1. Could you check the range 184-200 and list, in sequence order, the residues that are surrounded by 14 or more Cβ atoms within 10 Å (Cβ to Cβ) and part of a helix (DSSP H, G or I)?
2. Is at least one residue of the range 72-79 farther than 18 Å from residue 1 by Cβ and more than 14 Å from the chain's Cα centre (by Cα)?
3. Scan the range 48-74 for residues that are touching a helix residue (DSSP H, G or I) at 6+ places or on another chain (Cβ under 7 Å) and either at negative phi or not assigned by TED's automatic domain parsing to the domain that holds residue 34 (or both) and report the count.
4. Of the conditions (1) closer than 24 Å to residue 93 by Cβ; (2) in contact with a helix residue (DSSP H, G or I) (Cβ under 8 Å, 6 or more places away or on another chain); (3) not in a loop (DSSP other than H, G, I, E, B), residue 248 clears all except one; give me its number.
5. Somewhere in the range 15-27, is a residue touching a residue at least 60 places away in the same chain (Cβ under 8 Å) and either assigned by TED's automatic domain parsing to the domain that holds residue 142 or surrounded by 13 or more Cβ atoms within 10 Å (Cβ to Cβ) (or both)?
6. Looking at residue 85, is it part of a helix (DSSP H, G or I), assigned by TED's automatic domain parsing to the domain that holds residue 139 and either free of Cβ contacts under 8 Å to residues at least 24 places away in the same chain or at negative phi (or both)?
7. Those residues that are closer than 24 Å to residue 253 by Cβ and touching a helix residue (DSSP H, G or I) at 6+ places or on another chain (Cβ under 9 Å), I need them from the range 1-41; list them, please.
């Protein structure tokens, strides 16, 4: 199934799920794996998606599909459209740059499930187009809320299972602290394995990965509004050394904190 609209394109595929060619799309590209397992290759690393997980690629993010085992959804969204919605929500005139992370949330799953169901019921092309015209806006708002990036220093945690929510709240309140898995587990009534499995199942990330990414998101304010050294920024947000900070920053944004600072100063 392929549905096209002025603001983007929606594709659902259950065949031809093997390796594809390298791509360099000029749109934001949301890849959703409702079930099964998917692997994508980027320059320097691979990303995996499991049941219900998604990732959002920025325009011209070079990538290659290695495999999907069951089904894939792809939504391509025009940069001007995303920028317009972001400006309407926050007033920012800067095009959002999303972090390259696995993302899982009930709202995303609900959007795809509802869209699939309605398009299957739509009697005419006009009806499908009208549905998509309105649902694109809903999807853009969900992505800007749930996928971290340069558009916000917040990362919404509503909608997750209560135990995971408690831990997320604690991590957000004190992300600079030296958190360990043992300390996180103490906030729950679960064992280490149970907690780690539940956290990954709910969010698409391990607890420590979530924390490191959140620290990077918080560091953006310091890179924008201070002239503190990269080392000082790294330590301020909770990294133990600058190399770890560089590694996480480069993995999710494809560039170093220094280059990021230069790029936003030139905007």
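The values are calculated or read from the model by the stated rules, or taken from the named source; none is laboratory data. Being a predicted model, the structure only gives us computed values, none of them experimental. Virtual Cβ from ideal backbone geometry, glycine too; neighbours counted across all protein chains shown.
1. Initial filter on the range 184-200 (surrounded by 14 or more Cβ atoms within 10 Å (Cβ to Cβ)): 184-185, 187-188, 190, 195-196, 198-200.
Correct list: 184, 185, 195, 196, 198, 199, 200.
2. Within the range 72-79, the subset farther than 18 Å from residue 1 by Cβ is 78-79.
Cutting the leftovers down to more than 14 Å from the chain's Cα centre (by Cα) gives us 78-79.
Yes: the range 72-79 contains one or more residues that are farther than 18 Å from residue 1 by Cβ and more than 14 Å from the chain's Cα centre (by Cα).
3. Narrowing the range 48-74 to residues touching a helix residue (DSSP H, G or I) at 6+ places or on another chain (Cβ under 7 Å): 52, 54, 56, 59, 73.
From what is left, the residues that are either at negative phi or not assigned by TED's automatic domain parsing to the domain that holds residue 34 (or both) are 54, 56, 59, 73.
Going through the range 48-74 one residue at a time, the tally reaches 4.
4. All conditions pass for residue 248, except number (1).
5. no
6. Spelling it out, residue 85 is indeed part of a helix (DSSP H, G or I), assigned by TED's automatic domain parsing to the domain that holds residue 139 and either free of Cβ contacts under 8 Å to residues at least 24 places away in the same chain or at negative phi (or both).
7. Hits for the range 1-41 are 8, 26, 27, 28, 30, 32.
Conditions (1) in a strand (DSSP E or B); (2) at pLDDT below 95; (3) in the same structural domain as residue 90 (by TED's automatic domain parsing), marked per residue:
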site	(1), (2), (3)
111	no, yes, yes
130	no, yes, yes
136	no, yes, yes
202	no, yes, no
210	no, no, no
